[in-house]
Structure formats: structure tokens, C-alpha cells
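Heads up, the thing below is written out as C-alpha cells.
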Amino acid sequence: MPEIMANTNNGNYPILIQSGKLDRLGEVAASCVKGRKAFIVTDENVAPLYLGRATESLRKENFSVATCSVPAGEPSKSRDMLFLLFDQFHTAGITRTDVIIALGGGVVGDLTGFAAASYMRGCPLIQVPTTLLAQVDSSIGGKTGIDMPYGKNLVGAFYQPRAVLIDPSVLSTLTRSVMAEGMAEVIKYGCIRDKMLFDSIEKGLSDLEWMIERCVRIKTTVVQNDEYDTGERMLLNFGHTVGHAIEKLTGYAKISHGEAVAIGMVYAARMGEKAGYTEEGTAARIRTLLEKWHLPVRTELSAEEVFEAMMSDKKRLTGKIFYVFLRGIGEASAVPTEKEVLLNRMKEVWNES
Ligand SMILES: NC(=O)c1ccc[n+]([C@@H]2O[C@H](COP(=O)([O-])OP(=O)(O)OC[C@H]3O[C@@H](n4cnc5c(N)ncnc54)[C@H](O)[C@@H]3O)[C@@H](O)[C@H]2O)c1
Ligand SMILES: [Zn+2]
């Protein structure tokens with residue numbers, strides 16, 4: 001079974017990847033904490049599918065188990081849910097020797113992670129991600145948080161779990177569109193760091209476990225080098241600068257994050273080609289692969305609108321923009337780019353489509 005150690009400034013923890021591993025959650029928890037109380041946070045879609053198995057596995061290891069199921073979807077990453085969890089942790093008698101478990105997608109992971117980070121100034125946390133996006137991205141790296149009425153992910157903490165338990169077999173119940181959203185991030189990893197991964201997805205890869213492991217290795221390595229997101233992590237943002245702008249302009253509702261990133265990757269690759277950074281033909285390859293997954297690859301929004309929204313992104317800290325370009329499939333770098341130059345390149349690319 002692939003076991004990857006994540007080494008951080010705040011301790012090391014294993015990332016366990018194996019089909020059927022959900023039924024071993026109890027053993028993993030018992031190896032992480034001394035206490036015998038567990039609190040599982042999940043959502044209303046995941047609860048009927050996997051909460052029973054998670055609970056049973058914990059009980060086998062003599063944990064008493066309390067649970068809370070929040071409504072599915074982004075609105076649950078809210079202050080109301082956060083405080084509801086604090087109250088329920090209190091009622092269940094959770095202490096710093098017990099364990100809090102996030103069983104769900106990125107929404108449950110981010111919310112629960114932040115609740116665990118702040119309850120009693122930090123309780124042990126195990127992430128059990130159940131969407132592809134959560135397995136390859138959000139459960140790794142220690143970013144947790146909630147949304148505020150005035151912006152997404154504005155309040156949170158860097159907080160590392162004691163373990164991440166990834167069971168690829170739970171992905172079988174995802175809808176096609178939620179699976180495709182995760183594939184956008186998987187394809188992104190291929191683009192920035194792993195040509196072999198990209199090639200095998202092109203060939204129609206069927207080994208989910210292998211694919212997830214490749215992505216997890218990339219994310220842990222990049223995060224290890226840049227735990228607090230000030231440098232190398234930027235590469236993980238390939239396709240995200242344009243993607244975030246599109247999400248913002250469409251009010252987050254009409255288009256999902258993965259879809260926006262898919263569009264962003266194609267435009268970023270094409271801009272790189274125009275600038276002479278990126279091998280010709282790269283954008284076309286990415287576009288073809290995304291289309292196979294029924295992901296969108298173009299936007300009706302104008303270059304000017306998208307540029308404007310990009311400039312107001314919270315991640316743009318200085319006057320110059322570090323834009324992530326590919327050399328070719330599998331190799332990326334962040335290139336400092338003048339705003340004017342960027343806008344002109346965007347206009348050129350937008351005019352083509
Ligand atoms: N912390 C990070 O580093 C990081 C990185 C990327 C994204 N995120 C966050 O992640 C969130 C998105 O995560 P997501 O895409 O997993 O969304 P999500 O958690 O909303 O899950 C998507 C849908 O799938 C359902 N679901 C989950 N697992 C299932 C399963 N096994 N079978 C059937 N249905 C299942 C959920 O109920 C939900 O309806 C966003 O809030 C985003 O900000 C965080
Ligand atoms: Zn993303």
C-alpha cells in the first residue's frame with residue numbers, strides 16, 4: 001500500500017492510499033491518539049454512503065463515536081457551521097487527546113480542519129477525503145478555513161492533520177461532474193510536474209490508486225518546500241489565475257472550480273505558446289484531454305473583463321504578476337510578467353477563440 005510521509009514544520013504524518021482503507025479508519029485513529037472519543041464530521045450526501053462504515057471501524061477499536069452531518073455544498077463553509085461544530089464537540093466531551101475526523105469532500109475537510117485547529121487551540125485531526133479533488137488536493141497541505149460573506153476562504157489556519165486516509169473506492173459514487181472537476185486538478189498535476197501521468201490519462205488510465213498517488217506525491221513535495229505558500233506552491237496555481245477570475249465573474253454558481261481551472265489551463269498554455277515559453281501544440285493537447293472529460297475549455301467573457309478580475313485577486317500581492325507558464329507538458333515555472341504585457345497576450349489569445 002502506498003504510504004507517503006508528509007514532513008512539515010509542525011510534524012510529520014502519513015498519507016495512506018488504499019482501496020477499502022475506510023474500514024481501517026479505527027486502527028489509523030488508534031495509532032494517532034491516546035483518547036477513545038472520536039467525532040466525525042461529514043455531509044448529508046456522504047453520511048448515508050460511508051458514515052456507517054467509518055463509525056463501525058472506530059467502534060471496533062473501542063472509540064465512542066459522535067457525528068455531525070452538515071448540509072452538502074459550499075454554504076456549509078460558514079461561521080454558523082463552525083460554531084455549531086464547536087458546540088457539538090463540547091457536548092460530545094471532545095478533548096485534546098481525542099480525534100476529530102473529516103469524512104467528505106473539500107467543503108467538509110476545510111470546515112472540519114479549521115474547527116479542529118481552533119477547538120481547544122487544536123485537537124488531533126484525521127482527513128478522510130471522499131472526492132477526487134479532496135484526495136489529490138484539498139486534504140493535503142494543511143490549508144483549512146471557511147468563507148465569509150465578503151469572500152471565499154478568508155478566515156482559516158494552516159493546520160496539519162495526524163493522518164490522511166485515502167480510499168479511492170469511495171469515488172465510485174461520485175457524480176460524473178464532481179469526478180471531472182477532480183480530473184481537472186489531476187490533469188493540472190500532469191501539466192506542471194508529471195508527463196507520465198498526463199500521458200497515461202491521455203491513454204485512458206484505469207488505475208485510480210496509482211493516479212492519486214502520483215498527484216499526492218507532487219502536492220506533498222511542493223508543499224513541503226513551501227509550507228506557508230510564499231513560493232513554489234505558486235506552480236499549483238497553473239490555470240488558476242484565469243480560473244479564479246472566471247469563477248468570480250460568474251458568481252461561483254454557474255461554473256465550478258474545476259471547470260474554471262480547465263478553461264484557465266487552456267488559455268494559460270496558449271498564452272505561453274504566444275510568448276514563446278511553451279512548446280507549440282501543448283494547449284491543443286490539454287484542450288483535447290479536458291474535452292474527453294467533458295470539461296469546458298473556453299469562456300464567453302472578454303479578455304479585459306477577466307484581466308480586471310485577475311487584478312483584484314487576493315493572491316496578487318505586488319505590482320508584478322508571477323504567471324505560471326508551462327515549458328511543455330510536465331514542466332512549469334512562474335514567470336514575472338508586466339501587467340501590460342499580460343493583458344496584450346490575453347487579448348491575442350482571446351481573439352483566436
Ligand atoms: N484546503 C485546500 O487546500 C483546498 C484546495 C482546493 C479546494 N479547496 C476547497 O474544497 C472545496 C471543494 O471541494 P469538493 O470539490 O470536494 O466539494 P464538496 O465537498 O462540496 O463535494 C462535492 C459534492 O460531492 C459530494 N460527495 C463527496 N464525496 C462523495 C462520495 N464519495 N460519493 C458521492 N458524493 C460525494 C458532496 O456531498 C458534494 O455534494 C471548496 O470549498 C474549495 O475551496 C480547498
Ligand atoms: Zn484548484
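The values are calculated or read from the model by the stated rules, or taken from the named source; none is laboratory data. What you see is a predicted model; the values in this text were computed from it and never measured. All Cβ positions, even for glycine, are placed from backbone atoms using ideal geometry, and neighbour counts span all protein chains on display.
Name the pairs: first residue in the range 276-300 and within 19 Å of E185 (Cβ to Cβ) and touching a residue at least 40 places away in the same chain (Cβ under 8 Å), second residue acidic (D, E) and assigned to a helix (DSSP H, G or I), Cβ to Cβ under 7 Å, at least 6 apart or on different chains?
Between residues of the range 276-300 that are within 19 Å of E185 (Cβ to Cβ) and touching a residue at least 40 places away in the same chain (Cβ under 8 Å) and residues that are acidic (D, E) and assigned to a helix (DSSP H, G or I), the close pairs are T282/E273; L289/E202; L295/E259; P296/E259.
Conditions tested, residue by residue: (1) over 20 Å from the mean Cα position of the chain (by Cα); (2) assigned to a loop (DSSP other than H, G, I, E, B).
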residue	(1), (2)
A6	no, no
Y13	no, no
D23	yes, no
V28	yes, no
S31	yes, no
G35	yes, yes
L49	yes, no
R53	yes, no
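When the range 184-210 is examined, which residues are found to be of a type in the set (A, V, I, L, M), closer than 20 Å to M265 by Cα and more than 16 Å from ligand 1 (Cβ to nearest atom)? First the steps, then the outcome.
First, the residues of the range 184-210 that are of a type in the set (A, V, I, L, M): 184, 186-187, 192, 196-197, 201, 205, 208.
Cutting the leftovers down to closer than 20 Å to M265 by Cα gives us 184, 186-187, 192, 196-197, 201.
Result: M196, L197, I201.
Assess whether A66 counts as being assigned by TED's automatic domain parsing to the domain that holds K143 and farther than 22 Å from T173 by Cβ. It would help to see each step written out before you state the result.
Details: assigned by TED's automatic domain parsing to the domain that holds K143: yes; farther than 22 Å from T173 by Cβ: yes.
For A66, the condition - assigned by TED's automatic domain parsing to the domain that holds K143 and farther than 22 Å from T173 by Cβ - is met.
Could you please find all residues in the range 227-269 being more than 15 Å from ligand 1 (Cβ to nearest atom), at pLDDT 90 or above and of a type in the set (G, A, S)?
A245, A268, A269
When you scan the range 220-238, how many residues do you find that are charged (D, E, K, R) and over 9 Å from G141 (Cβ atoms)?
Looking only at the range 220-238, we keep the residues that are charged (D, E, K, R), and these are 226-227, 229, 232-233.
Then drop every residue that is not over 9 Å from G141 (Cβ atoms), which leaves 226, 232.
Counting residues in the range 220-238 that are charged (D, E, K, R) and over 9 Å from G141 (Cβ atoms) gives 2.
Among the candidates S78, S69, S31, S19, which residue alone is surrounded by fewer than 18 Cβ atoms within 10 Å (Cβ to Cβ), of a type in the set (G, A, S) and farther than 30 Å from R214 by Cβ? Talk me through it step by step, then tell me what you get.
Values: S69 fails: surrounded by fewer than 18 Cβ atoms within 10 Å (Cβ to Cβ); S31 fails: farther than 30 Å from R214 by Cβ; S19 fails: farther than 30 Å from R214 by Cβ.
Within the list S78, S69, S31, S19, the selection yields S78.
Can you list residue pairs whose Cβ atoms sit under 8 Å apart, with the first residue in the range 222-249 being closer than 26 Å to T299 by Cβ and the second being of a type in the set (F, W, Y) and surrounded by fewer than 22 Cβ atoms within 10 Å (Cβ to Cβ)? Count only pairs 6 or more apart in sequence or on different chains.
What qualifies is M234/F322; A245/F307.
Could you please let me know if T299 is over 20 Å from the mean Cα position of the chain (by Cα), polar (S, T, N, Q) and closer than 28 Å to Y150 by Cα? Don't jump to the end; show me each part of the working.
On the way: over 20 Å from the mean Cα position of the chain (by Cα): yes; polar (S, T, N, Q): yes; closer than 28 Å to Y150 by Cα: yes.
When the stated conditions are applied, T299 passes them.
Against the condition more than 7 Å from ligand 1 (Cβ to nearest atom) and within 27 Å of S64 (Cβ to Cβ), how does P161 come out, does it pass?
yes
Only one of I140, I146 is within 12 Å of ligand 1 (Cβ to nearest atom) and in a loop (DSSP other than H, G, I, E, B); which? Lay out the reasoning, then the answer.
On the way: I146 fails: in a loop (DSSP other than H, G, I, E, B).
Sole residue among the options that is within 12 Å of ligand 1 (Cβ to nearest atom) and in a loop (DSSP other than H, G, I, E, B): I140.
Examine the range 131-141 for a residue that is farther than 24 Å from E3 by Cα, outside the structural domain of H244 (by TED's automatic domain parsing), surrounded by fewer than 23 Cβ atoms within 10 Å (Cβ to Cβ) and in contact (Cβ under 8 Å) with a residue 24 or more places away in the chain, and state whether such a residue exists.
Let us first name the residues in the range 131-141 that are farther than 24 Å from E3 by Cα, namely none.
No, the range 131-141 contains no residue that is farther than 24 Å from E3 by Cα, outside the structural domain of H244 (by TED's automatic domain parsing), surrounded by fewer than 23 Cβ atoms within 10 Å (Cβ to Cβ) and in contact (Cβ under 8 Å) with a residue 24 or more places away in the chain.
Testing A116 on (1) small (G, A, S); (2) surrounded by fewer than 22 Cβ atoms within 10 Å (Cβ to Cβ); (3) in contact with a Pro (Cβ under 8 Å, 6 or more places away or on another chain), one condition comes back false. Which one is that?
It fails just one condition, (2).
Counting residues that are within 30 Å of G106 (Cα to Cα), which helices (runs of 4 or more DSSP H) fully inside the range 237-353 reach at least 2?
Passing ranges, in order: 240-249, 257-275, 282-292, 303-311.
Out of the residues in the range 249-284 that are buried (at least 18 other Cβ atoms within 10 Å of the Cβ) and among the charged types (D, E, K, R), state the one that is farthest from ligand 2 (Cβ to nearest atom).
E273
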